[in-house]
Every structure is written in C-alpha cells, then in structure tokens.
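Throughout, read-outs are computed from the coordinates displayed, never taken from laboratory work. None of the values given here were measured: they were computed from a predicted structure. Here the Cβ positions follow ideal geometry from the backbone for every residue, glycine too, while neighbour counts run over all protein chains shown.
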Amino acid sequence: ETGVTQSPTHLIKTRGQQVTLRCSSQSGHNTVSWYQQALGQGPQFIFQYYREEENGRGNFPPRFSGLQFPNYSSELNVNALELDDSALYLCASSLNRGGAAYEQYFGPGTRLTVT
Amino acid sequence: KQEVTQIPAALSVPEGENLVLNCSFTDSAIYNLQWFRQDPGKGLTSLLLIQSSQREQTSGRLNASLDKSSGRSTLYIAASQPGDSATYLCAVRPTGANSKLTFGKGITLSVRP
C-alpha cells in the first residue's frame, strides 16, 4: 500500500509568480484535503476535494485553487504569490463513504519559499 | 468557530520523565480528536485518534485521554526518550461529513539525555 506522496519537496518562487503543487492520495482513498502550515503555527485548512469537486474551503482567497483528478490525485495552485504564502503545504487523503469521512493520512509536505 | 489551544508552546524535560501534554478546544461538538507528531520540516505522523464516544486510547508508551464536556485532551508520554523530541499537535474534527481538521499550534518537546 502506497502512502500519500507530494511533489516537489522544496520550491522557491518569486513574488507575483504562480505555483502548482501535487499530491497523490493513498490507495483506496477518494478525498484530498490541503493545509498550509506557516512557521511555528499549526496547519490551516485550505480546501478539500471529493469526487473531483471542492467540498469545503477555509479562509483562503480565490487565488488558492485546486483540482482533483479521476485517479483522486490532486493539485493546489496558487496565483500571484505573496511573501506570506511561504509555508509548508500539506496534503492529506482519506476515504469518504456513505457520507462518513474517515481518518486523514498526511504526506511529507512541500516547502514553498517566496522571495 | 472552533479554536484549539496548546500550552505551553515548548517544554524541556530530562530523559526518563513521564510527562503530560495538554490540548483544549472551545466547541465540544467534535467527531474525533487526533494527536500528531511532527519532526522539524517534515509532515505529520498520526499518533492516536480518539472518537468522541471514547475516553482514551493507548499505543505503547503513549496514552491520550478525551473529556469532551470540558473541551480537554491530554497526551501522556511515559518514560520519555531523546527520540521523543518533536512537536506534538492536537487536532479536532467536527461532527458531520466535513472532515476538516482544526489544529493547535503544537508543543515543541525537547528530551535531554
């Protein structure tokens, strides 16, 4: 059984650029959640995808967007990068079945630095 | 709005000590509570998950308790070791199909040899 994987591991971008982060969910999972963790803080929920649709969103602006693919993998896109977007981005996958959502399993994260 | 608090932010103890990490939350309408470990710059490793109907969970030297009515959870670590040094985060999941987790800021534990 393959766990949650994320790519790339590290990324450096310039303010104003756009970035795409990728996540492959654990085998058998159909739901992906994204979190942003700034230095010294707990992870903050960005959004969740289920059946290729956004299924809940945290307090993040529209320049944070995402996709989920038929194989349940997911992308997080951030446009017009700002310095405050520098953080560890965590992806978590879980199984949502019959309206019940099960435990989330986290990937290793992508460290984004915006200069 | 759910808020999760973990105090203190950092803790340093000598090896072998038994210790308790605290977590409090403001909304008792939770589905479950989870404790995670995070090593510097790494992802989250799930340690223990307690369903709202449960009072505690144990795994090896770790024991987590949940008192939903008072909005509190504790993570007990027995006979601490230097390898336990990490940041410990608690997170709560609300009732309903939404599986969004709300995290505390974590407690950074240092176990001195």
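Each row is one residue, and each column tells you yes or no for (1) within 14 Å of chain A (Cβ to nearest Cβ); (2) closer than 30 Å to A:THR9 by Cβ; (3) small (Gly, Ala, Ser).
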site: B:LEU19; (1), (2), (3): no, no, no
site: B:THR26; (1), (2), (3): no, no, no
site: B:ASP39; (1), (2), (3): yes, yes, no
site: B:GLN81; (1), (2), (3): no, yes, no
site: B:ASP84; (1), (2), (3): no, yes, no
site: B:GLY96; (1), (2), (3): yes, no, yes
site: B:LYS100; (1), (2), (3): yes, yes, no
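Taking strands (runs of 3 or more DSSP E) that do not extend beyond the range B:1-95, which have at least 1 residues that are farther than 29 Å from B:PRO113 by Cβ? Steps first, answer last, please.
Numbers: elements: B:10-14, B:19-25, B:30-38, B:44-51, B:56-59, B:62-67, B:72-77, B:86-94.
Qualifying strands (runs of 3 or more DSSP E): B:19-25, B:30-38, B:44-51, B:56-59, B:62-67, B:72-77, B:86-94.
Once the range A:31-46 is narrowed to residues that are facing chain B (nearest Cβ under 9 Å) and assigned to a loop (DSSP other than H, G, I, E, B), the residue that is nearest to B:GLY41 (Cα to Cα) is A:GLY40. Residues in the range A:81-94 that are within 17 Å of the chain's Cα centre (by Cα) and more than 10 Å from chain B (Cβ to nearest Cβ) were compared, and the one that is surrounded by the fewest Cβ atoms within 10 Å (Cβ to Cβ) is A:ASP84. Filtered by the rule that a residue be in a strand (DSSP E or B) and at the interface with chain B (Cβ under 10 Å from one of its Cβ atoms), the range A:47-76 gives A:PHE47, A:GLN48, A:TYR50, A:ASN55, A:GLY56, A:ARG57.
For the range B:50-78, filtered to residues that are among the basic types (Lys, Arg) and closer than 23 Å to B:GLU17 by Cβ, the residue that is surrounded by the most Cβ atoms within 10 Å (Cβ to Cβ) is B:ARG72.
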